[in-house]
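The structure appears below as structure tokens.
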Amino acid sequence: MIIIKTPEEIELMRRAGRRAAEVLREVCDSVTPGITTGELDKIALAAMHALGVKSAFKGYMGYPAQTCISVNEMVIHGIPGSRVIQDGDVVSVDVGVWYEGFVGDNAKTVVVGDPGSDVMRLVTKTEEALAAGIAKVKNGVHLGDVSNAVEHVANENHLSVVREYVGHGCGRSMHEEPAVPNFGLPGRGPILRTGMVICIEPMFNLGTRRIRTLSDGWGVVTADGKPAAHFEHMVAVTDDGAEILTPR
Ligand code: MF3
Ligand code: CO
């Protein structure tokens, strides 16, 4: 069942989302050569504390950190630690927070210095795919229309789409129905209705779509070691479009 939120609940999710976006901005602004991913996680903790929110990730199925920070060939779920950010890195930051019983969830990939034109294409087109998906969202459309719009941007730009991980509904739990794939067919899947809240989160790879999980049980890396990018917004379905609840 896909939960429809009341206007009051959407307002709380707006506040959760704005706080998640603020934490994400502070972390991304701090991504510079020489800093470790563990230090970035501490910056997130301080920002969450200042905003009166808690990480939605820490403790989730035993996840040990505040955020996920995934560098280069890591697609998602990178556990922050001793890894040092280098010039030319591509860094995906994922932030989820609890606020007044609701989750705000968003992610963004930033580049450090000049990673080269292929990586720039990967990052700009993954962000563009998220925008293309959001542009399809509206009361009455099929979820497959959204998924297909995201996939289309990958196909057009010779990027591959990770299939094992997808977006999700969001609310009083981080993961609610529906699953929101980054691939699919127009006219298929559940119909979106005003008051639903979904997280759309394209994960695109420069090389193969195949992935594997690291021995830490979390980190997801590309099978060929080529870079990946990840962008996520939490959006509410409205009568005539989508409201981005995690505005940058
Ligand atoms: N944005 C991710 C998601 O939607 C973050 C989950 S990380 C975890 O699932 F550690 F909490 F699992
Ligand atoms: Co998410």
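Pick from segment 143-181 the residues that are closer than 15 Å to G195 by Cα and either modelled with pLDDT under 95 or not charged (D, E, K, R) (or both): which of them is farthest from ligand 2 (Cβ to nearest atom)? If we take residues in segment 143-181 being closer than 15 Å to G195 by Cα and either modelled with pLDDT under 95 or not charged (D, E, K, R) (or both), then L143 is farthest from ligand 2 (Cβ to nearest atom).
Only one residue in A131, A149 is in a helix (DSSP H, G or I) and surrounded by fewer than 20 Cβ atoms within 10 Å (Cβ to Cβ), so which one is that?
Working: A149 fails: surrounded by fewer than 20 Cβ atoms within 10 Å (Cβ to Cβ).
Exactly one residue qualifies, and that residue is A131.
The set of residues from segment 183-239 being part of a strand (DSSP E or B), open to solvent by less than 20 Å² (accessible area, probe 1.4 Å) and away from ligand 2 (no atom under 16 Å from the Cβ) comprises N205, V221, T222, V237.
Table: residues versus (1) over 18 Å from I69 (Cα atoms); (2) within 16 Å of ligand 1 (Cβ to nearest atom); (3) of a type outside the set (A, V, I, L, M).
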residue: N148; (1), (2), (3): yes, no, yes
residue: G171; (1), (2), (3): yes, yes, yes
residue: N182; (1), (2), (3): yes, yes, yes
residue: D224; (1), (2), (3): yes, no, yes
residue: A229; (1), (2), (3): no, yes, no
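Please verify whether P115 is out of contact with any Lys or Arg (no Cβ under 8 Å at 6 or more places or on another chain), at pLDDT 95 or above, of a type outside the set (S, T, Y) and open to solvent by 10 Å² or more (accessible area, probe 1.4 Å), treating the condition exactly as stated. Yes; evaluated as a whole, the condition is true for this residue.
All conditions but one from (1) surrounded by fewer than 17 Cβ atoms within 10 Å (Cβ to Cβ); (2) more than 9 Å from ligand 1 (Cβ to nearest atom) apply to G59; the one that does not is (2). Cβ separations smaller than 7 Å between residues 6+ apart or across chains give the following pairs from segment 95-107 residues that are open to solvent by 30 Å² or more (accessible area, probe 1.4 Å) and modelled with pLDDT of 95 or more to residues that are assigned to a strand (DSSP E or B) and more than 8 Å from ligand 1 (Cβ to nearest atom): W98/K54.
The values are calculated or read from the model by the stated rules, or taken from the named source; none is laboratory data. As the structure is a prediction and not an experimental result, all values here were calculated from the model. Here the Cβ is made from the backbone with ideal geometry for all residues, glycine too, and neighbour counts use every protein chain on show. Just so you know, the surface numbers come from the protein's heavy atoms only, side chains and all, with ligands and any DNA or RNA stripped out. Shrake-Rupley method; radii C 1.70, N 1.55, O 1.52, S 1.80 Å.
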